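Worksheet: one structure, shown below.
What follows draws every value from the coordinates through simple rules; no lab data is involved. Quick caveat: nothing in here was measured; it's all calculated off a predicted structure. A quick note on method: Cβ atoms are made from the backbone with ideal geometry, for glycine too, and the neighbour counts reach across all protein chains shown.
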Amino acid sequence: MIKAVIFDMDGVLTETSHQHFLAWNRLAEELGYILPLEVKDAVRGISRLASLDIVLKAVNADKRFTESEKLVLAEIKNIYYIESIKRFTAEDLSEGARELLELLKENGLKIALASASKNSKFLLRAMEIKQYFDIVVDPAVIQKGKPAPDIFLKAAELLNIAPEDCIGIEDAYAGIESIQRAGMTALGVGDAAVLSNCSIVFDNLQGVYSYFVRLFRE
Ligand code: G6P
Ligand code: MG
């Protein structure tokens, strides 16, 4: 029986995958590169430093920087990213997000956040949805990022709910894998071609809302 829903943030509750890509693109341009568009999907769900490796590899610059230089580059990207989300408000929530969170609460489900982003606590407050979340996993305490199951397992542990009683919602290929390896049901949001490892994919959260309406009727 489903007792909890564990959300990803970027690309699910808000369309910040775009802002992440723009920030990486700005950094790449300053380093003299043109970032291929595929990077946008490749870094979905991937931690900041691991994303930097993907970015550098995509422009054949993976040997150019030392580890300490890479820390600086990741920090610069984060400054650009923060700049782009600093004026976020409830208006920036994905369509249907608040209605979905309300529906889950009304039906007695627990709600958790399992985002790899160190900026997602800021977004929860800025978009005024923090009150819906029973727990928020701190990505800093997770050793292995998505696609490892650790962050979703941590959410279930903190909620004290068995993984098989949880649904995870993701926009990332790596995120879907993480949910599946945690032994949970995975719902994908976004491009079904990107989410080829997920059997239930919706275009948006309104689709997810209808899924839960049906589930609660059963
Ligand atoms: C999310 C995004 C990734 C991003 C990661 C880390 O998972 O989908 O694109 O790299 O968070 O975000 P941060 O805000 O900590 O750099
Ligand atoms: Mg995401």
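May I ask you to verify whether A50 is in contact (Cβ under 8 Å) with a residue 40 or more places away in the chain and in a helix (DSSP H, G or I)?
Spelling it out, A50 is indeed in contact (Cβ under 8 Å) with a residue 40 or more places away in the chain and in a helix (DSSP H, G or I).
Do we have any residue at all in the range 52-69 that's within 13 Å of ligand 1 (Cβ to nearest atom), over 16 Å from the mean Cα position of the chain (by Cα), β-branched (V, I, T) and under 22 Å from A148 (Cα atoms)?
The initial filter retains those residues of the range 52-69 that are within 13 Å of ligand 1 (Cβ to nearest atom), namely 52-55.
Those left that are additionally over 16 Å from the mean Cα position of the chain (by Cα): 52-55.
Still in the running and β-branched (V, I, T): 54-55.
Now drop any that are not under 22 Å from A148 (Cα atoms), which leaves 54-55.
Within the range 52-69, one or more residues are within 13 Å of ligand 1 (Cβ to nearest atom), over 16 Å from the mean Cα position of the chain (by Cα), β-branched (V, I, T) and under 22 Å from A148 (Cα atoms).
Regarding E170, is this residue under 17 Å from the mean Cα position of the chain (by Cα) and surrounded by 21 or more Cβ atoms within 10 Å (Cβ to Cβ)?
Working: under 17 Å from the mean Cα position of the chain (by Cα): yes; surrounded by 21 or more Cβ atoms within 10 Å (Cβ to Cβ): yes.
So E170 fits the description; yes.
Is it true that some residue in the range 98-111 is within 19 Å of the chain's Cα centre (by Cα) and either within 27 Å of E30 (Cβ to Cβ) or within 15 Å of ligand 2 (Cβ to nearest atom) (or both)?
Within the range 98-111, not a single residue is within 19 Å of the chain's Cα centre (by Cα) and either within 27 Å of E30 (Cβ to Cβ) or within 15 Å of ligand 2 (Cβ to nearest atom) (or both).
Could you check N204 against (1) under 25 Å from L52 (Cβ atoms); (2) of a type outside the set (S, T, Y); (3) surrounded by fewer than 16 Cβ atoms within 10 Å (Cβ to Cβ); (4) touching a Gly at 6+ places or on another chain (Cβ under 8 Å) and say which number it fails?
(1)
Which one of E15, E38 is in contact (Cβ under 8 Å) with a residue 12 or more places away in the chain and within 15 Å of ligand 2 (Cβ to nearest atom)?
Step by step, each of E15, E38 is checked, and only E15 is in contact (Cβ under 8 Å) with a residue 12 or more places away in the chain and within 15 Å of ligand 2 (Cβ to nearest atom).
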